[in-house]
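The values are calculated or read from the model by the stated rules, or taken from the named source; none is laboratory data. Quantities reported herein were computed from a predicted structural model and do not represent experimental measurements. Cβ coordinates were reconstructed from backbone atoms using ideal geometry, including for glycine residues, and neighbour counts include every protein chain displayed. Areas reflect the complete protein model, heavy atoms only, side chains present, ligands, DNA and RNA absent. Shrake-Rupley method; radii C 1.70, N 1.55, O 1.52, S 1.80 Å.
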Amino acid sequence: MLSKILIANRGEIALRVLRACKELGISTVAVHSTADAEAMHVKLADESVCIGPPSSRDSYLNIHQIVAACEITGADAVHPGYGFLSENAKFAEILEAHGITFIGPTAEHIQIMGDKITAKNTAEKLGIPVVPGSDGEVTNNEQARLIADEIGYPVIIKATAGGGGRGMKVAKNADDLPMALATARSEAGAAFGNDAVYIEKYLAHPRHIEVQVIGDGEGNAVHLGERDCSLQRRHQKVWEEASSPVIGEELRNRIGTTCSTAMRQLKYRGAGTVEFLFENGEFYFIEMNTRLQVEHPVTEAITGIDLVNEQIRVASGDGLSVTQDDIQFTGHAIECRINAEDPVTFTPSPGKITHYHPPGGLGVRVDSGVYHGYSIPPYYDSLIGKLIVHGRNRAECMMRLRRALDEFVIDGIKTTIPLFIDLLSNEDIANGNYDIHWLEKHLAERHV
């Protein structure tokens, strides 16, 4: 087992990793920017190192500073959390070159799945169903027209290095195509320094379904069921469920087995998520995230398996603690992402928390690094916590979520808690009747 882990992240995920380390008896090192000197994970870690000013580029994305912090403290491993350097192949390579364990996949697998064209081609070879579209990069209007004519309109143009909805444009017909292609390439170049794009069939009313996998790097891998992440705003997930309200046991076994078989063939190491669009009973691969996901707690809730613990076991060379036959799915779980934002305009709301009271009770979990008197810095993502509830079934889970939201008090800043209270009163949400476009339509209608 590893002896000292440096946590190269901040906020609730840093605290989440720290807690797993404490349970395993592993020493922890918290790195932080000057803006995060009073963060909870910094206070609770065995050691802490300031790695730079507030700017992410100069602190949490500063590979040299993080490696130096490992050398200063004697940390023998780094857990990257999610975001920042978690899917940076160069970072993984540098750590390994310095004899420091990267708690995640190999640099090769990060690289393969980090480029969406390569990832799609790899998925297809591994037997994972993919969305019809181009085999590679699309560079000109004529090439785009031929592909679009073949797969049929509407089509969506996506940045190969994309994420968060940037570099994505829909063309409803041939007249829209040239402008959509040009705009997507321009946005991709500005956002990612890479203007390469590809084309896929645009699915009108899909759900966003993702399958949690974990492998030991030696050819053993399991799946831990699916999560439904269809409630999104600007391609950012807002509410996640496990299991999906529309996926039954047969479909779960089919897509889960497909993904775990692929991971065994790939000899994948660590936790990962295979993401799909799901429409009319069919799954279509869109990407794979080679890291822990923000929404991983709902999977932990229905399986009882600590995913961070499994990540650390695998990185230590101890292998997986479970086989596929050991994994049982019990009850239903929902996660709400609590952001420091105005619940109507979604304008960021950094500032000092004057009163903080998280909910509790049976089946309620709050992952958050904030506390009474803590000041939310304006420099980072607005996520300040996650409310996760678990019940014996979806109906009980929804009842428990309503109660927990009513108990949750965060004063001094605006948060998105009222948004979730509003969603719980909606009939479509109660029935699980929504797709990836539902939330934005609902929000637009709310302003009419």
Would you work out if the range 264-363 is rounded, prolate or oblate? Take a ≥ b ≥ c from the square roots of the eigenvalues of the alpha-carbon gyration tensor; rounded if a/c is under 1.5, else prolate when a/b is larger than b/c, oblate otherwise.
-> prolate
What FRET efficiency comes out for the pair ASP135/GLN236, r = Cβ-Cβ distance, R0 = 30 Å, nearest 0.05?
-> 0.55
Long-range amide H contacts for THR160: which residues qualify at under 5 Å (H placed 1.01 Å from N, peptide plane, sequence gap of 5 or more or a different chain)?
-> ALA196, VAL197, TYR198
The range 330-437: trypsin sites (Lys or Arg not before Pro) in DSSP coil with no more than 12 other Cβ atoms inside 10 Å = ARG392
Loop-resident GluC sites (Glu not before Pro) in the range 299-391 with no more than 14 other Cβ atoms inside 10 Å, DSSP not H/G/I/E/B, are none
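Among 195-204, 57-66, how do they line up by average Cβ neighbours within 10 Å per residue, starting with the highest?
195-204, 57-66
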Top mean-square fluctuation among ALA171, ALA123, ALA404, Gaussian network model of the chain, C-alpha springs under 10 Å?
-> ALA171
Using modelled amide H (1.01 Å from N, peptide plane; none on Pro or chain starts), what sits under 5 Å from the amide H of GLY351, excluding residues fewer than 5 places away?
-> ILE376
Quick one: which residues, 5 or more positions from THR106 or on another chain, have an amide H under 5 Å from its amide H? H modelled 1.01 Å from N in the peptide plane, none for Pro or chain starts.
-> ARG269
In nm, give the distance between the simple-model label positions of GLU250 and THR323, each being 7 Å from the Cα along the Cα-to-Cβ direction.
-> 2.7 nm
The chain, accessible area per residue, ligands and nucleic acids excluded (1.4 Å, Å²) = 40 Å²
Give me the orientation-averaged projected area of the Cα convex hull of the chain, in nm², one decimal.
-> 20.3 nm²
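For the chain, what % of the accessible area comes from carbon and sulfur atoms, probe 1.4 Å?
Of all accessible area on the chain, carbon and sulfur atoms account for 48 percent.
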What number, in nm² with one decimal, is the all-direction average of the projected area of the convex hull of the alpha-carbon atoms of the range 3-43?
-> 2.5 nm²
Can you quote the Å³ per residue value for the convex hull of the Cα atoms in the range 190-308, rounded to an integer?
-> 134 Å³
Once both labels are modelled 7 Å past Cα along the beta-carbon direction, what's the ALA37-ASP406 spacing in nm?
-> 4.3 nm
Under the Karplus relation 6.51 cos²θ - 1.76 cosθ + 1.60, θ = phi - 60°, what is the ordered set of whole-Hz ³J(HN,Hα) values for the range 79-95, x standing for Gly and Pro?
-> 9, x, x, 10, x, 6, 9, 5, 10, 9, 4, 4, 4, 4, 5, 5, 4
The chain - charge dipole about Cα centre, Lys and Arg +1 at Cβ, Asp and Glu -1, debye rounded to 20 = 540 debye
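For PHE192 and MET399, what is the calculated FRET efficiency with R₀ set at 35 Å and r taken between the beta-carbons, to the nearest 0.05?
The formula returns an efficiency of 0.25 here.
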Report the net charge of residues surrounding ALA221, where surrounding means a beta-carbon distance below 12 angstrom and charges are Lys +1, Arg +1, Asp -1, Glu -1.
-> 0
Between ASP175 and LEU44, Cβ-based FRET efficiency (R0 56 Å, step 0.05) works out to 0.45
Most fluctuating residue given options GLY136, GLY52, GLY281, as computed from a GNM of the chain linking Cα atoms under 10 Å = GLY281
Translational diffusion coefficient, Stokes-Einstein: compute it for the range 34-189 using the Kirkwood radius over C-alpha pairs as Rh, at 10 °C and 1.306 mPa s, and state it as an integer in µm² s⁻¹.
-> 86 µm²/s
³J(HN,Hα) computed for each position of the range 402-413 - Karplus, 6.51 cos²θ - 1.76 cosθ + 1.60, integer Hz, glycine/proline x = 4, 5, 5, 5, 5, 7, 6, 10, 9, 9, x, 9
Put a dot 7 Å past each Cα toward the Cβ at GLU23 and GLU93; how far apart are the dots in nm?
-> 3.5 nm
For the pairs LYS125/LYS158; LYS116/LYS237; LYS4/LYS90; LYS90/LYS120; LYS172/LYS237; LYS22/LYS158, note any where the Cα-Cα span goes beyond 30 Å.
-> LYS22/LYS158
Under a 10 Å cutoff between Cα atoms, tell me which one of SER244, SER48, SER56 has the largest fluctuation in the Gaussian network model of the chain.
-> SER56
